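Okay, structure first, notes after.
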Amino acid sequence: MELLQEELERYNRNILLTGIGKAGQLKLKNASVFVAGAGGLGSPILYYLTASGVGNIGICDGDVVDTSNLQRQILHNTQDLNKNKADSAFEKLHLLNPNLNLKIFKEHLTPQNILTHIKNYEIIVEATDILSAKFLINDACVLANKTLVRASALAFSGQAMSVQPKKSACYACLFNAPPKMTMPTGATIGILGAVAGLFGCIQANEVIKIITGVGVPLFDKLLTCDVRSMDFRTITIKRNPNCRVCGDYGITKLDSTLY
């Protein structure tokens, strides 16, 4: 498969980059990425993956747009209130780049549907704000042997990491399982919109690096930043051989009671 003339013009600034070129752009065109969440993190992820020419993108979100989303979820605007976020995202992304295969999933991910939804995608991007969903997506990616790019953003800070199942540390290597206690959320303590934008851009960058082979992804690394000081830290982490998910005797199915 070759790049069309329109694609050569559209992606010219990608193609000029050392390490990407036409070969890297073809990799992007042939890639398939599933993005779980079209909100604060998902908005910049989806915008930049669409703009960069990732050929097949799944957009999954079961929520509808509400007024409080508009402070940070830049895929949506006032006219989208009460509209499903996946539908709203599709409309904007199709206008930006109509040549891509965009598929929408207008529901929340569950232990019953996630493996079916992600099976046709190479890279899964976790862009949710629900803690239990973060564990579900991590666990499903390990089971399905799917590369995962994940992040969190809250208040003035965020974190990001990427996962190669059974090769690098997974989310459960760090945090094991969803906590029993109620944890802070953006709805309870707030979130600066630009923090979600920053970490969504980091996730989009990770996906492009993994697809093209340019640079070093955040495998076995946790990147954190507090934007009040702009103090970026990269913490080395290791896969836990006793991890309940990716360890030598890890899970063989999803436990519906855990999420």
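The values are calculated or read from the model by the stated rules, or taken from the named source; none is laboratory data. Just so you know, these numbers come straight off a predicted model, no measurement behind them. When we count neighbours, we look across all protein chains shown, and the Cβ atoms used for this are built from the backbone with ideal geometry, even at glycine. Surface areas here come from the heavy atoms of the whole protein model, side chains and all, with no ligands, DNA or RNA. Shrake-Rupley method; radii C 1.70, N 1.55, O 1.52, S 1.80 Å.
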Query raised in the report: Counting other Cβ atoms within 10 Å of each Cβ, which trypsin sites (Lys or Arg not before Pro) in the range 87-152 have at most 11 and sit in a DSSP loop?
Result: Lys119
Report summary line: Expressed in square angstrom to the nearest 10, the accessible area of Leu131 with a 1.4 Å probe stands at 60 Å²
**Report entry** Relative contact order (%) - criterion: Cα under 8 Å, at least six apart; region: the chain
**Finding:** 20 percent
**Report entry** For Glu91, solvent-accessible area (1.4 Å; no DNA, RNA or ligand), Å²
**Finding:** 80 Å²
Query - Kirkwood Rh and Cα Rg combined as Rg/Rh, the range 92-232 - result: 0.95
Report summary line: Carbon plus sulfur, as percent of the 1.4 Å-probe accessible area of the range 103-212, comes to 56 percent
Report task. Any chance you could list P(r) for the chain, counting all Cα-Cα pairs in 5 angstrom bins from zero, rounded to whole %? Result -> 1, 6, 13, 18, 20, 18, 13, 7, 3, 1, 0
Query raised in the report: Taking springs between alpha-carbon atoms closer than 10 angstrom, which of Leu81, Leu222, Leu102 fluctuates most in the Gaussian network model of the chain?
Result: Leu81
Query raised in the report: Any idea what log10 I(q)/I(0) is at q = 0.13, 0.15, 0.21 Å⁻¹ for the range 63-117, Debye with uniform C-alpha scatterers and no solvent?
Result: -0.38, -0.50, -0.84
Query raised in the report: Quick one: if you stick a label point 7 Å off each Cα along the C-beta vector at Thr110 and Ser132, how many nm between them?
Result: 1.1 nm
Report task. Identify which of Leu96, Leu218, Leu198 has the largest mean-square fluctuation in a Gaussian network model of the chain, with springs joining Cα atoms closer than 10 Å. Result -> Leu96
Report summary line: Nearest-0.05 FRET efficiency for Arg13 and Arg228 at R0 = 35 Å, using Cβ-Cβ distance, is 0.60
Query - Per residue, in Å², the accessible surface of the chain once ligands and nucleic acids are set aside, probe 1.4 Å - result: 48 Å²
Query - Protein-only accessible surface order, largest first, of Phe219, Phe232 at 1.4 Å - result: Phe232, Phe219
Query raised in the report: For Lys22 and His94 in one chain, what is 0.36 nm times their gap in residues minus the Cα-Cα distance, to one decimal in nm?
Result: 23.6 nm
**Report entry** Length released on extending from Asp66 to Ala194, taking residue separation times 0.36 nm less the Cα-Cα span
**Finding:** 44.2 nm
Query raised in the report: Looking at the P(r) of the range 1-102, how many percent of alpha-carbon pairs lie beyond 18 Å?
Result: 47 percent
Query raised in the report: Order of 166-179, 13-26 by packing, highest average Cβ count within 10 Å first?
Result: 166-179, 13-26
Report task. Out of all DSSP beta bridges with both ends in the chain, state the antiparallel percent to the nearest 5. Result -> 45 percent
